[in-house]
Structures are given as C-alpha cells and as structure tokens.
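Nothing in this text is a laboratory measurement; each read-out follows from the coordinates by a stated rule. Note that the structure is predicted; figures quoted are calculated from it, not measured. Here Cβ is always computed from backbone atoms with ideal geometry, including for glycine, and neighbour counts include all displayed protein chains.
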Amino acid sequence: MALLLEQEVFSMDAKLLKAQINEITACRAKEWVRTKSALLQLKAVQWSAAKINLNIFSLRDFGVTDEESSITQVKLFSKNNWFLRLQDDGNVSGTREQNNDEVNLQLQSIGKGLIQIYSPAVGRYLAMDSNGRLFSMKSKTDSTIFKHVQGINGFHTFSSHKYYRDTAHDMYIALRKDGLPRKGNKACSLHKGSQFLII
C-alpha cells in the first residue's frame, strides 16, 4: 500500500514537472519569437535608413578637387556578365551589348580612392540617392562621388562616398541577374553584381 502511494506521488510529481517544463518551453518560445521579430524590425530599419558620411562636407581636407586629376576611358563589366550603362533618360542598367556607346565610361579621379563615373555619350554622371537607388544626372554633386577599391581577386567595387548604412562605403553600385540596378542598401562587396572588371 505504501509502495502504491509512493508511486502515485512520484507519478503526480512527474506530471507536474512535465507541465512546468512545457510552460517554461512555451514562454521561452514566445520570448524568442518576440526577440526575433524585434531583431528583424531593427535590421529592416538599418537596411532602409542610410546615414550621411560627415566627411563629405570636408572633402577639401582629403585632397579632393573640382578638377579631375586623371581621366580613364573604361567599360565596367560586372561579374554577373553585364556592362554598366548610363542612359540619356537618367536610368542606369546593364546591357550585353559591348559596342553600345552608353557603356563607354570615364573614371574621373577626384582624390585618393575617390572617383566619379561619367558617360560622354549621354553627358551624365552616375549617382546614388539615400535609398541606394542608382540614377544618372547632368551635374557633379556629392551624390556622384564613389569610393573605388580593387579587390585581391582583380575585381573592383564602387561604393557611395556620401551615404552608408552601418560603416562608411557600404552602399555599393551593383547590378542584379536581370541587368537592373540593385539598390545600394541591399548590396554588399561579395555580391557578383557589385564586382566589376575595368576593361
């Protein structure tokens, strides 16, 4: 009789313990969902909200001039097989036609590692806005200045000097697989569309 009573108590304790474990697990799962949701919201805010590089306002201190110190005639060919082109209507895209006049570009050096990309065919400069959208414009502004870096793989990346997400120069010129521009705030230096050969 005492043994049966002891088994019943043990069985009740086990059920109680199991119920408590289930309750704790459910609470932790809810807490994890809330935490994950908060992290995703934070990441969305970080990826959408660009910041302005304050150094852009003191470019003279970095040896930047209004006059180009060197001009190089180039074609920019992305690792995902598109030639970057600036169009007369202000749009930017990729094309497979290497003989298209719109793919003939100039890299205009304006300071150490800083360039502007100009299309003589359409008379426009490549620019990026605070949302990372690529477009072309007739005049030079802070939005047309890009940081040029050559990687160890021989490919080059170009990132906005004016806008960034988390660290300076992290909003890249990039083309998607379909040749349309990828927003700079959704691109990184490792994406194929962000890496270009200079031809």
| query | Among V149, V122, V92, which comes first, second and so on when ranked by fewest other beta-carbon atoms within 10 Å? | reply | V149, V122, V92
| field | Which of D170, D142 has the fewest Cβ neighbours within 10 Å, and the rest in rising order | value | D142, D170
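Provide R85, R176 in ascending order of the number of other Cβ atoms located within 10 Å of each residue's Cβ, fewest first.
On the way: R85 26, R176 19.
Arranged by neighbour count, lowest to highest, R85, R176 become R176, R85.
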| Between D88 and D166, what is the FRET efficiency for a Förster distance of 30 Å, r being their Cβ-Cβ separation, to the nearest 0.05? | 0.30
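Exceeding 22 Å between C-alpha atoms, which entries from my cross-link table qualify? They are K138/K192; K138/K162; K138/K186; K147/K183; K75/K177. Please report the intermediate quantities before stating the final value.
Details: K138/K192 28 Å; K138/K162 18 Å; K138/K186 26 Å; K147/K183 16 Å; K75/K177 18 Å.
K138/K192; K138/K186, as the Cα separations exceed 22 Å there.
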| query | For the stretch 82-199, what is the charge dipole size about the Cα centre, in debye to the nearest 20, if Lys and Arg each add +1 at the Cβ and Asp and Glu each add -1 at the Cβ? | reply | 280
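What is the stretch 126-199 by shape, rounded, prolate or oblate, if you read a ≥ b ≥ c off the alpha carbon gyration tensor as root eigenvalues and call it rounded for a/c under 1.5, prolate for a/b larger than b/c, and oblate otherwise? Walk me through the numbers on the way to the answer.
Working: a/c = 1.39, a/b = 1.33, b/c = 1.05.
Verdict is rounded for the stretch 126-199.
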| request: Report the paramagnetic label zone for T72: residues of the stretch 141-161 whose backbone N is under 18 Å from a point 7 Å from Cα along the Cα-to-Cβ axis. | output: 145-161
